[in-house]
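Inspection log for the structure reproduced underneath, given as structure tokens.
The values are calculated or read from the model by the stated rules, or taken from the named source; none is laboratory data. Keep in mind the model is a prediction, meaning the values are calculated, not measured. Cβ placement follows ideal geometry from the backbone for every residue including glycine, while neighbour counts extend to all protein chains displayed.
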Amino acid sequence: MDQTLSETCNADECLKCVNVGLLCLQEDPNERPTMSNVVFMLGSESNTLPSPKEPAFVIRRCPSSRASTSSKLETFSRNELTVTIEHGR
């Protein structure tokens, strides 16, 4: 959690939101919660939520071991998914 939020946000509530978000990213749609379950989980006082599995795809930035003056970042994906940023003409 960002330091600027630590004064105004409850860390447990933040982790709950992240956990529920990860549950919504499960590869198998049958393992994802329904919207009514999401609302229930977020509104519940209980801290016992199912543990999410690894999301369907993960993009990681690989830190370079050598100093580079280039701002270009290398990205890697577990399932070879490529994300392209389109620029308008």
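Structure values in brief
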read-out	value
Selection from the stretch 1-12 of residues that are assigned to a loop (DSSP other than H, G, I, E, B), under 17 Å from the mean Cα position of the chain (by Cα) and of a type in the set (D, E, K, R)	D2
P63 closer than 23 Å to M1 by Cβ, in a loop (DSSP other than H, G, I, E, B) and modelled with pLDDT of 90 or more	no
Cβ pairs under 8 Å, 6+ apart, first in the stretch 1-25 and more than 17 Å from S44 (Cβ to Cβ) and free of Cβ contacts under 8 Å to residues at least 60 places away in the same chain, second part of a helix (DSSP H, G or I) and not acidic (D, E)	M1/A11; M1/C14; L5/C14
Total residues in the stretch 13-58, condition among the acidic types (D, E), part of a helix (DSSP H, G or I) and farther than 21 Å from D2 by Cα	1
Residue that is surrounded by the fewest Cβ atoms within 10 Å (Cβ to Cβ), among those in the stretch 14-60 that are basic (K, R) and modelled with pLDDT of 90 or more	R32
Boolean, F76 is among the aromatic types (F, W, Y) and at pLDDT below 70	yes
